[in-house]
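Have a look at the structure below, then the notes.
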Protein chains: 2
Amino acid sequence: MAEQPQVRTTSQAWESLFRTQVAVMRRMQQLPEFRKLAMREYDVLFNLSNCPTGWTRLNELNEALLISQPSLSRMVERLEAKGLVQRRTAESDQRGIEISLTDKGAELQREIGRVHVRHLHEMLAPLLSEAEFQQLQELTDRMRAGLKERPAR
Amino acid sequence: MAEQPQVRTTSQAWESLFRTQVAVMRRMQQLPEFRKLAMREYDVLFNLSNCPTGWTRLNELNEALLISQPSLSRMVERLEAKGLVQRRTAESDQRGIEISLTDKGAELQREIGRVHVRHLHEMLAPLLSEAEFQQLQELTDRMRAGLKERPAR
DNA sequence: TCATCATACATGCAATTGCATCTACCTAGC
DNA sequence: GCTAGGTAGATGCAATTGCATGTATGATGA
């Protein structure tokens, strides 16, 4: 049976993870690619591109982001105005909205995504070995899986 | 000699780390403690509380945060107006500003910090073992150490 | 069936943010 | 010493954000 983690251990691990995220993000934000589209907006396109059916509910999308519901609502409005996403009311629930990428939006996502991945790799590859990155992913995947069981609200 | 990581491995590890950070943050933001002070403002107090000398340069503080320099400049202004931080011009460089917590600011930081750590632990402890959290910290610490050698700009 | 309550998203509005730019100070090279 | 170029923060202003709340639809129970 695995040992129960100490308070110091969990909080220090969290702080280290968090600070690493900040350090990487700061470097990413400086890339010229994010002049076209703010990081947060790209994040929306990216999340939409990962959805298997193509269409995502607004509230579901909101859970994957750190912005408030009204902010997302208006951001989607702007992205729609730019022709990057489409909206429709959900069939199963007339209150709900479903969103998907337009061709133009999908294209832009891929374009930025390629550069994004390339820079990320240049930045991260020297830091850990293949096995260590796999280990890191395994640990964080399990954390998210565990969190999912107890939803945010 | 450790194997050189693949592009897929680094980008997937990053995505997993990033998503985990979002999932944890979303849960933290909902806590009633962050009514008093926005997360970003707490983050400033936290960073100041961790500084050994007590005083931190504005630009140095900025590097630990994901907000722009003008935003931080004004946020510090507001925190000063609330009596949570103090400012003074740096001795070594008359252009620079140094910031530190006031007693009131330090008190508030500790108060929120305690609750913060407690909730964090309740949330994270069931997810991984003691050893795994240590491993996670070790990996992310090394990532940051490696990033530090090649500064953000 | 029909009140009652919950949920999904939109909107008014004040606060915060970022971009571009400005000012003050520092550093180099002459 | 002085000028050119760089760095640290501050500020004007438009855009974005969050909070509180509104509107419409869905779910529940007497």
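The values are calculated or read from the model by the stated rules, or taken from the named source; none is laboratory data. Quick caveat: nothing in here was measured; it's all calculated off a predicted structure. Don't worry about glycine lacking a Cβ; one is built from the backbone with ideal geometry, like all the others, and counts go over all protein chains shown. Each accessible area value is taken on the protein alone, full model and side chains, heavy atoms only, with ligands, DNA and RNA left out. Shrake-Rupley method; radii C 1.70, N 1.55, O 1.52, S 1.80 Å.
Here the condition is being at the interface with chain A (Cβ under 7 Å from one of its Cβ atoms) and either at pLDDT 95 or above or open to solvent by 60 Å² or more (accessible area, probe 1.4 Å) (or both); of B:Arg150, B:Arg142, B:Arg95, it holds for B:Arg142 alone. Among the residues of region A:98-107, those that are of a type outside the set (Gly, Ala, Ser) and open to solvent by less than 100 Å² (accessible area, probe 1.4 Å) comprise A:Glu98, A:Ile99, A:Leu101, A:Thr102.
A single entry from B:Ser49, B:Ser16 fulfils the requirement of being away from DNA strand D (no atom under 16 Å from the Cβ) and crowded, with 18+ Cβ neighbours inside 10 Å: B:Ser16.
Of the helices (runs of 4 or more DSSP H) lying entirely inside region B:20-135, those containing at least 2 residues that are away from DNA strand C (no atom under 12 Å from the Cβ) and farther than 26 Å from A:Gln69 by Cα span B:39-49, B:58-63, B:103-124. Comparison of B:Gly83, B:Gly54 shows that the only residue that is at positive phi and at pLDDT 95 or above is B:Gly83. If you filter region B:56-66 down to residues that are free of Cβ contacts under 8 Å to residues at least 12 places away in the same chain and facing chain A (nearest Cβ under 10 Å), you find that the one that is surrounded by the fewest Cβ atoms within 10 Å (Cβ to Cβ) is B:Leu66.
If I filter region B:23-40 for residues that are more than 7 Å from chain A (Cβ to nearest Cβ), of a type in the set (Gly, Ala, Ser) and within 30 Å of B:Leu108 (Cα to Cα), do I get at least one hit? Yes, that holds for at least one residue. For A:Gln69, indicate whether it is open to solvent by 30 Å² or more (accessible area, probe 1.4 Å), at pLDDT 95 or above, within 13 Å of chain B (Cβ to nearest Cβ) and within 18 Å of the chain's Cα centre (by Cα). The answer is yes for A:Gln69.
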